[in-house]
Structure formats: structure tokens, C-alpha cells
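Below: the structure, in C-alpha cells.
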């Protein structure tokens, strides 16, 4: 089970702390990052099995980051779960067009996060 | 005289006010008493020479009897029909309705106007809810705080083994997030709570400006009083205080122009000169040496409590977008979709060239308006920049029998009954009815 790594890209410190706790308790190695501008560099450095990506980030939006991930052969098929406070259908459609693996709206339940992470990472 | 009253009713009221018998007025006007009776009960149309004869017999200005109120009611009724095409309103019999049931017609017209205003406010509110950055930020803050609280409290409630350090951190996090939630919720409620606010909150900035000006007869006494002050900006700051930023922008722009006009044309002297020359804008510009465009704007801001003729005003930018409309009886233009035949728009094709034209509106009331229009540059023209232009039109009622040939125009296509109009951009409900 060890070695499975999740990269959480989110700028709200208390949400980061909660998600990190529940994933760590489940056996995941959790790396975190809070800045949209340097998120891609972090992805390359960590090489995670799955990314949890917030939409509204300082510097660059989650949509822009997702687009770049899908344009890069190394991350083209990397599972990406997006989190957003905006649950409108047009936001979901945009994320799906850009190639999101799963789209979750806030507020979410911990069980839901855990279940999706397990499913997407093929646990 | 109440708004919406018909010409026949006005004649009857004025005759009774003066204690004149119907038979005597009919005799003086050269018609039979029975015909006058039909007119007074709005069963016969009246216009042209006859309205002048009756006005003369009553010692009144014909405009007092015709002055556009009928046209306003009829236009509103036709607009109501146009907005509800499936209702099957007998548009061809609009005048009949207004004549036979003036009270009901006025009520219907007033209700339609109110519904239209409510529609505009709903659109404005919808736009605000969709695009307002303050609302988006408040909602995002609320959802983010709720998400953090839910995730953290779920961990604590799960009852698993959590060491004391983590427990302390999670309790602190919940406390912080609950504080944040309280603040963002308060901001959200404050944003959405329009009940205690003035209905201005639901109006566009232009509508707020016009409503505010209308409340004081388009005469801003505070700026007249400070016309000798060094800085009208202080007064303007006071007048716009408490408004939202978008309305402040629009109001400040208008009030600065007003203040400049008031400085150039001090009120008392201008009123005296205007009376002496029968409010002729060209003469006033010659006598004062002030640009005609300022004279046109200034004439529309004379104090309503003094005995000046009512004058309407329309201001538009180079794209023809209405920036301000001061209506008078029978004259008003929609903010979008106005008839393009008004001199206000012709002036844009001849920047700097004053236009003086009579405009005839369609309909049995045969309303005529004397219009003075001028478009001018807002900054000196240059090769390396596009022109910034404003067009101004002063409007006042013209007598029905004024000799000058008028330009046939309308208010807006859908309620205009002119056939074969080359400027028509959409079908009229009136022509549709007429086949």
C-alpha cells in the first residue's frame, strides 16, 4: 500500500489539513501544494499516482493546470479529481471537456473523497 | 390634471371649471351641442382647427388640452398588447377602449408600465446575482468554510484514534473556520437583504440617476446654490454619497456637466433672458456667448416651480446609446430601440451643425414636437484617436397647427403605425392588425 502518492493542490490550509489527515490515515503518502503558478513543477517533482486539484487557486486556475497536464504526454492519463465550490453544470462541462477524471463539488464528505481516491488510483 | 386623462374629458373639466354651458361653448366653437357632447365623452376624435377653436373659446393654450397624455396611455396600451401577443388584445380598438373606459385604460396602462419596470429590475437583479464579484466572493467563502468545517468535524466525530495534538489542531481549525463562516454569512446576508434598502438597489445606474433627477424636476438646486463656490466637487460628493460605485460613476459624470452649465449660465440671468427671447436656444447662445450645446442642456434644467415651458431632453453617445432621457408629456424614448428618425440621431451625421426640426408623431392626437439637436466632440479631434461624441436634443411641444413641415417619426417601431417607413427595423403590432 505504501508508495501510492496523492498530490493535493489546494490553497485553503484547513481543508488541506483535513484531507491530508484522512488520506494519510488510509495509508496514502500525501504531498500538498498551494500555488497555481508553480503547480506543474510540483507535479513533475512528486510524480503522484493521483492529483486532487482545486479550481480556484492563486496565480493560475485549476482549469489551466488541467489543460497543461492533458497536453503533456507524461501526465496525459494521470487521474485528476477536481474540487470546486462552483457546482454549476457549465463548470462541470468545462472540466470534462478538459479531461478531468472526476469532478467533486464542495462541501464533500470525507468518505466520498476517500472512496473516489481509492477508485481513481486503482486501489 | 391627472395623467392619462383624455382630451374630451379635459375639455369638459375646463368648461365646467369656468361655468360655461355646453351649448354656449359649442356655439362659440361653431359646432352643435350634440357633437360637443360626443367630444366631451371621448366618442369623437378631435384635432387641428377644432381643438384650436375650443381652446380659444376656453381661453386656453391648445397644448393644455392635448399635451400628449392621451398618446401616452395609448402607447402604453399598445405596448401591453405587444408584450402579450397571445392575449388576443383588439389592438385596432385601443382608442375605443381608452375613450369609453378611460379609468380602466389608465389602470391597464399603469399596470403594464409597472410590470415592465419590475421586469427590468428582475433582469438587473439576475445580472447582479450572476456577475457580481462581491456575491461570488461571499458564496465562495461560505462554501469553503463549510467544507473545511465538515471535513474536520467528520474526522473528530468518526471516533477513530486521533492523538491529542491532532485533536487540538482540528478544534482550533473548526473554531477559525466557524468564525470565517460567520463573517462571510453576514456579508452574504447583507448583500442579499434588499428589503430594507431603497428600490434603487434594483435599478440600473442610469435609471437611478433619472429617478433621482425626476424627484427634483431635473433641477439640481444644490449645484445652483454653489455656482459661485470654488469647488462644486464637494457638493457633488455629497449628492452621490451612499450610492454604489457604478451609480456614482454615472451620476458624477452628469452632475459635473450640470455644474459646468450652471457656472457658464447663472440661473437668474438665464431665466430672465430665456423669457425675453421666448426660450429660443439660438438667441440665447448668441446673447450669452455660451456654446449652444450648453444652452440646450441648461434649458431642460430650469426650476419646475417657476412658470417655464416644459422641455424634454435626450442625451446619447456616438453609438446612439441613451445616456439620459428627461420625458415630457407625449415624448419619451426607450433606452434601446428608439425610432432613428429623431434629430438626436441625425445630428450625429453632422457633428457641430445645429438642427431645428418639427417632429410629428403618428396617431389621431397628431402630437408635434419642436426639437433642437446638436452633436459635438467631447475632446478635440485628432488623427491618432477616434472621436468621442455626444448628441443632445431639447424637445418641447409644438402647436398642432404650426406651419413648419414636420418630420414623421415615432417612439419605437413596434407601436408605430406608420406604413412604408424606410427606417422600420421591426414589425408593428398596429400594422399587423391592420393587415
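Remarks
- Within a Gaussian network of chain B (alpha carbon springs, distance under 10 Å), most fluctuating of B:300, B:338, B:246: B:246
- Partner shielding of A:18-28 amounts to 3, given as the average count of beta-carbon atoms from other chains within 10 Å of each residue beta-carbon.
- Cα shape, region B:208-306, gyration tensor, a/c 1.5 rule: prolate
- Relative contact order, whole percent, for chain A stands at 23, derived from Cα pairs under 8 Å and 6 or more residues apart.
- Here the simple spin-label model places points 7 Å from the Cα toward Cβ, and for residue A:115 and residue B:379 these points are separated by 6.1 nm.
- Based on DSSP H segments of at least four residues, each scored -39500 (n - 2.57), chain B has a per-residue ellipticity at 222 nm of -16500 deg cm²/dmol.
- If you run the Gaussian network model on chain B, springs between alpha carbon atoms under 10 Å, then out of B:273, B:311, B:251 the most flexible one is B:273.
- Spin-label pair residue B:407/residue B:83, simplified geometry with 7 Å Cα→Cβ offset, distance in nm: 2.9
- Computed as a quarter of the hull surface, the mean projected area of the alpha carbon convex hull for chain B stands at 31.5 nm².
- Normalised by 2.2 N^0.38 Å, where N is the number of residues, the C-alpha radius of gyration of region A:5-120 stands at 0.95.
- Inter-chain Cβ neighbour average for residues A:6-15, partner chain, 10 Å: 4
- Length released on extending from residue B:24 to residue B:263, taking residue separation times 0.36 nm less the Cα-Cα span: 80.8 nm
- A Förster radius of 51 Å combined with the Cβ-Cβ distance from residue B:120 to residue A:45 puts the calculated FRET efficiency at roughly 0.40.
- Approximate spin-label separation residue B:129-residue B:35, in nm, with each point projected 7 Å along Cα-to-Cβ: 5.9
- Cα pair distances of region B:7-109 binned at 10 Å [whole percent]: 15, 44, 26, 12, 3
- If the segment from residue B:245 to residue B:172 were pulled out straight at 0.36 nm per residue, it would be longer than the present Cα-Cα gap by 22.5 nm.
- For chain B, the antiparallel share of DSSP beta bridges with both residues in that region comes to about 90%.
- Note on residue B:163 and residue B:350: the extension gain reaches 59.1 nm, defined as 0.36 nm multiplied by sequence separation minus the Cα-Cα distance.
- Peptide-level mean, for B:152-158, of C-beta atoms on other protein chains within 10 Å: 4
- If R0 is taken as 35 Å, the Cβ-Cβ distance between residue B:224 and residue B:44 corresponds to a FRET efficiency of 0.15.
- Between B:315, B:188, B:97, the GNM of chain B built on Cα springs shorter than 10 angstrom shows B:188 fluctuating the most.
- With the biggest extent put first, the Cα atoms of region B:269-411 measure 48, 38, 27 Å across the principal axes.
- Label-zone membership for region A:98-122, site residue B:185, 7 angstrom Cα→C-beta point, backbone N under 18 Å: A:107-108
- Cα Rg, Dmax, the protein assembly as shown, angstrom units: 33.8, 111
- With Cα atoms, 0 to 90° folded angle of helix B:133-157 axis to chain B main axis: 30
- Cα-based Rg / Dmax (Å) for region B:132-192: 13.9, 45
- The simple Förster model, with R0 at 25 Å and r as the Cβ-Cβ distance, assigns residue B:388 and residue B:277 a FRET efficiency of 0.20.
Only the coordinates and a few stated rules stand behind these numbers; no lab work does. This one's a predicted model, so the numbers in the text were calculated from it and none came from an experiment. Cβ: placed from backbone, ideal geometry, glycine included. Neighbour counts: every protein chain shown.
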